[in-house]
1. Tally the DSSP beta bridges in the chain and give the antiparallel ones as a percent, rounded to 5.
2. If one takes the longest principal axis of the Cα atoms in the chain, at what angle in degrees, from 0 to 90 and to the nearest 10, does the Cα axis of helix 62-78 lie?
3. Could you give the length gained on full extension between residue 50 and residue 74, defined as 0.36 nm per residue of separation minus the Cα-Cα distance, in nm?
4. May I ask you to derive the relative contact order of the chain, considering only C-alpha pairs under 8 Å and at least 6 residues apart, and to give it as an integer percent?
5. Output needed: percent of Cα pairs per 10 Å distance bin for the chain, bins running from 0 to the one holding the longest distance.
6. What does the helix-only formula give at 222 nm for the chain: each DSSP H stretch with n ≥ 4 adding -39500 (n - 2.57), the total divided by the residues, and the result rounded to the nearest 500 deg cm²/dmol?
């Protein structure tokens, strides 16, 4: 079994654009530790150019946070028909890149 990497410092931003359907979506996840040692995942999503909505989850272990990230990325990758556009990676920290794998195309990758 492979070892779970530290999830502290994960940043991943995705965008899906379908101008013909007037769909311009943004999705961003950040995972960091708080002062109490818990991992916090914050997902901000909405229309590109707006503030969007942010939701937060807490995890006690890196394994829980990694599982959460995998599930969320699978959801983003599988919603092309529902959304009408494919999400592309526009920003990813080094820690996040192993989770992307073959799920999502990468437009440009910045640290």
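1. Roughly 95 percent of the DSSP beta bridges within the chain come out antiparallel.
2. The answer is roughly 10 degrees.
3. So the chain would gain 6.2 nm between residue 50 and residue 74.
4. Computed over the chain, the figure is 28 percent.
5. Taking all Cα pairs of the chain, the binned fractions are 14, 46, 31, 8, 1 percent.
6. Dividing the helical sum by the residues of the chain leaves -6000 deg cm²/dmol.
Values in this text are rule-based calculations from the coordinates and carry no lab data. These numbers were taken from a predicted model, which means no experiment stands behind them.
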